[in-house]
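Here's the structure we're looking at; comments come further down.
The values are calculated or read from the model by the stated rules, or taken from the named source; none is laboratory data. As the structure is a prediction and not an experimental result, all values here were calculated from the model. We place every Cβ from the backbone using ideal geometry, glycine too, and count neighbours over all the protein chains shown. The area values use the complete protein model at the heavy-atom level, side chains included, leaving out ligands, DNA and RNA. Shrake-Rupley method; radii C 1.70, N 1.55, O 1.52, S 1.80 Å.
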Amino acid sequence: VQAGKPYEGILWVRSDKATPVTAVLESADGQRVYAETSLTAESGGWKRLGFMLTPDTTDKNARFAVKLTQSGSVVLGYSFLQPGPWGRFKDLPVRKDVAEALIAQGLTVLRYGGCMVNIDTYRWKNMIGPRDLRPPYKGFWFEHSSNGWGIIDFMDFCRAAGFLCIPAFHMGETPEDIADFIEYANGPATSEWGARRVQDGHAEPYRLRYLQLGNEESVDEDYWQRFKPMAEAIWQRDPNVTLVVGDFAYGRPIHDPFNFEGAPQIKSLAVQKKILDLAVQHNREVWLDVHVGTDQPNDPDGLGGIPSFIEALRRIGPEARFKVAVFELNAGNHALRRALSNAHAINELERLGDDVPVVCSANCLQPYRQNENGWDQGLLFLDPSQVWAQPPYYVTQMVSAHYAPQRLETTVQCPPQTLDVTAKRSEDGRTMVLSVVNVAPRPVETRIRFTGYSPQTDTAEVTMLTGGLEEINTPDQPGRIVPKQTVCPLSKDANGAQITYAFPANSFTIMRVRQADSSPPDS
């Protein structure tokens with residue numbers, strides 16, 4: 001808590017007779033009171049008590065308490081405390097420092113999905129209206145999960161932050177309910193669910209363009225029987241919505257689309273063919289979401305099968321418009337080795353061009369020391385008083401800051417399992433970006449040669465992330481592993497421009513070179 005800053009709270013209480021209740025901000029041991037307010041639990045049914053607390057002391061380890069100051073009995077059904085508008089992002093129920101750190105990461109897309117989507121009670125109609133009146137549900141990782149943050153809140157945040165939002169839904173949503181959602185999100189205020197959106201405080205449509213059905217599903221006949229009626233209901237309400245199939249992973253090359261190994265849940269793309277044919281029938285584009293494991297820098301799990309998966313989809317749906325997205329780079333750690341694996345995966349996926357329009361890394365956020373399910377992989381960590389980035393966060397930030405849309409032909413000669421290289425250029429051809437992952441435990445001395453190219457200056461800008469493979473950032477040392485900027489010299493000879501550079505051990509490096517004119521480099 002911060003001194004002099006107001007905090008807004010809600011209690012739902014029930015009591016047999018009128019009973020005084022005190023809401024308190026205090027030290028962790030309860031010995032010092034920073035702010036308190038007296039409330040009354042009236043007799044009868046549930047009552048909603050709103051209050052405000054303004055502490056007179058700053059304490060990073062404070063606690064919020066509800067107390068009885070005299071004999072009595074009160075049932076607490078719900079409690080909630082958040083900073084006032086001073087500490088929230090654009091008056092949303094989102095910490096301002098967390099939102100600003102996400103924006104600073106350079107994100108352009110957030111996908112709201114994961115295993116909670118696979119729980120049968122995960123339903124969008126339980127996520128609307130006042131947050132303190134929404135029913136909880138039995139979660140995937142934990143027995144009790146709150147709908148106090150749900151799909152609509154996610155969409156509100158993405159709109160405020162300027163991110164493209166892609167929500168995922170349980171495959172048990174009925175076609176009627178999913179069509180109602182499209183009307184809620186995109187429909188006019190004169191429609192039934194558009195009017196409900198306005199009633200909930202959202203006058204303008206969200207103009208949602210992407211929606212995922214399922215998460216890591218077995219794309220089999222059961223999935224198809226659910227997907228088809230939902231897809232047709234969605235497209236009937238808004239034909240501009242692109243649907244994303246919640247597919248899983250393809251670790252090995254696919255030679256026969258209807259009989260293969262290497263996918264954890266299915267051995268055939270027969271249902272994918274039905275989905276592509278349905279999209280052709282309705283003149284729509286569909287995406288398919290596959291996931292990649294990024295625990296190890298030199299061999300991201302599931303990455304190798306993606307090119308053949310794309311090619312197999314082309315063979316079974318030659319008239320279909322489709323993309324393959326990677327909505328989860330997954331790992332069980334948040335150390336530098338995960339960062340390098342993320343960088344390696346992004347490099348390879350960028351080389352696939354427009355076939356892979358989006359790559360996202362799980363998980364976006366992680367509360368410090370509150371992860372109990374083994375997916376210890378947050379890119380951005382937070383505790384009650386601060387937010388700090390982990391090494392994989394900086395990979396996303398580096399790639400975003402040096403975005404270039406056009407890939408260049410690249411030839412790499414080096415020992416196996418050392419350098420992974422992607423080269424790109426800006427749309428105007430003036431800037432070239434080289435992304436290099438060194439997965440070797442030693443520096444690699446290189447000579448980089450460019451053809452058909454005239455440099456503007458005699459140096460290249462270098463941004464580099466390196467360190468020990470198991471190193472992480474902590475609240476006490478949040479800047480242990482961060483990118484560093486430097487420059488390296490360029491030289492020219494009769495064969496063109498070149499750079500001699502030693503890529504550090506265990507490193508991700510982005511090298512940026514500016515050209516003298518708009519003539520693009522050949523390679």
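Just one of (1) at pLDDT below 95; (2) under 25 Å from ASN283 (Cβ atoms) fails for TYR223. It is (1). Applying the set (1) open to solvent by 50 Å² or more (accessible area, probe 1.4 Å); (2) β-branched (Val, Ile, Thr); (3) in contact with a Phe, Trp or Tyr (Cβ under 6 Å, 6 or more places away or on another chain) to ILE10 leaves exactly one unmet item: (1).
Give the residue that is most open to solvent (accessible area, probe 1.4 Å), with candidates limited to residues of segment 352-377 that are more than 18 Å from the chain's Cα centre (by Cα) and charged (D, E, K, R). Per the stated criteria, the residue is ARG369. Of the residues VAL433, VAL387, VAL395, the single one that is in contact with a strand residue (DSSP E or B) (Cβ under 9 Å, 6 or more places away or on another chain), crowded, with 19+ Cβ neighbours inside 10 Å, among the aliphatic types (A, V, I, L, M) and over 21 Å from THR466 (Cβ atoms) is VAL387. Give me the pairs, please: first residue somewhere in segment 277-300 and open to solvent by 60 Å² or more (accessible area, probe 1.4 Å), second residue anywhere and polar (S, T, N, Q), beta-carbon distance under 7 Å, and either six or more positions apart or on two chains. Final answer for the pair search is GLN296/SER341; ASN298/GLN417.
Only one of the numbered conditions (1) buried (at least 22 other Cβ atoms within 10 Å of the Cβ); (2) modelled with pLDDT of 95 or more; (3) not aromatic (Phe, Trp, Tyr) is violated by ALA320, and that is (1). Looking only at segment 498-513, residues that are open to solvent by 10 Å² or more (accessible area, probe 1.4 Å) and of a type outside the set (Gly, Ala, Ser) come to 6 in all.
Looking at segment 128-156, which of the residues that are touching a strand residue (DSSP E or B) at 6+ places or on another chain (Cβ under 8 Å) and assigned to a helix (DSSP H, G or I) is most open to solvent (accessible area, probe 1.4 Å)? Going through the qualifying residues, I end up with ARG131. Listed here are the strands (runs of 3 or more DSSP E) enclosed by segment 17-97 that have at least 3 residues being open to solvent by 30 Å² or more (accessible area, probe 1.4 Å) and touching a Phe, Trp or Tyr at 6+ places or on another chain (Cβ under 6 Å): 75-83.
Scanning segment 161-175 for residues that are more than 17 Å from TYR223 (Cα to Cα) and open to solvent by 10 Å² or more (accessible area, probe 1.4 Å) gives ALA161, GLY162, PHE163, LEU164, CYS165.
Taking segment 431-520 as the region of interest, the strands (runs of 3 or more DSSP E) fully inside it that hold 1 or more residues being touching a helix residue (DSSP H, G or I) at 6+ places or on another chain (Cβ under 7 Å) are 431-438, 459-466, 507-514. For GLY201, the stated conditions hold: it is within 30 Å of PHE157 (Cα to Cα), at pLDDT below 95 and open to solvent by 10 Å² or more (accessible area, probe 1.4 Å).
No other residue among ARG111, ARG123 is at pLDDT 95 or above, closer than 23 Å to VAL245 by Cβ and touching a Cys at 6+ places or on another chain (Cβ under 8 Å) apart from ARG111. Considering segment 243-259 alone, what residues qualify as being within 18 Å of GLU216 (Cα to Cα) and open to solvent by less than 70 Å² (accessible area, probe 1.4 Å)? Within segment 243-259, LEU243, VAL244, VAL245, GLY246, ASP247, PHE248, ALA249, TYR250, GLY251 meet the criteria. With respect to ASP156, determine if the residue is among the acidic types (Asp, Glu) and more than 29 Å from TRP224 (Cα to Cα). Taking the combined requirement at face value, the residue satisfies it.
From the list ASN147, ASN186, the one residue that fits, being touching an Asp or Glu at 6+ places or on another chain (Cβ under 6 Å) and under 24 Å from VAL94 (Cβ atoms), is ASN186.
Filtering segment 178-192 down to residues that are polar (S, T, N, Q) and more than 15 Å from ARG209 (Cβ to Cβ), which residue is surrounded by the fewest Cβ atoms within 10 Å (Cβ to Cβ)? Ranking the qualifying residues of segment 178-192, first place goes to THR190.
Across segment 179-213, which residue is nearest to ALA325 (Cα to Cα) among those that are among the basic types (Lys, Arg) and assigned to a loop (DSSP other than H, G, I, E, B)? By that ranking, first place goes to ARG209.
Pairs linking a residue in segment 71-88 that is of a type in the set (Phe, Trp, Tyr) to a residue that is open to solvent by 60 Å² or more (accessible area, probe 1.4 Å), with Cβ atoms under 6 Å and 6 or more positions apart or on different chains, are TRP86/LYS5. Restricting to segment 230-245, give me the number of residues that are in a helix (DSSP H, G or I), within 30 Å of ASN330 (Cβ to Cβ) and not β-branched (Val, Ile, Thr). Result for segment 230-245: 2. For segment 436-459, the tally of residues that are closer than 23 Å to GLU348 by Cβ and either buried (at least 21 other Cβ atoms within 10 Å of the Cβ) or β-branched (Val, Ile, Thr) (or both) stands at 8.
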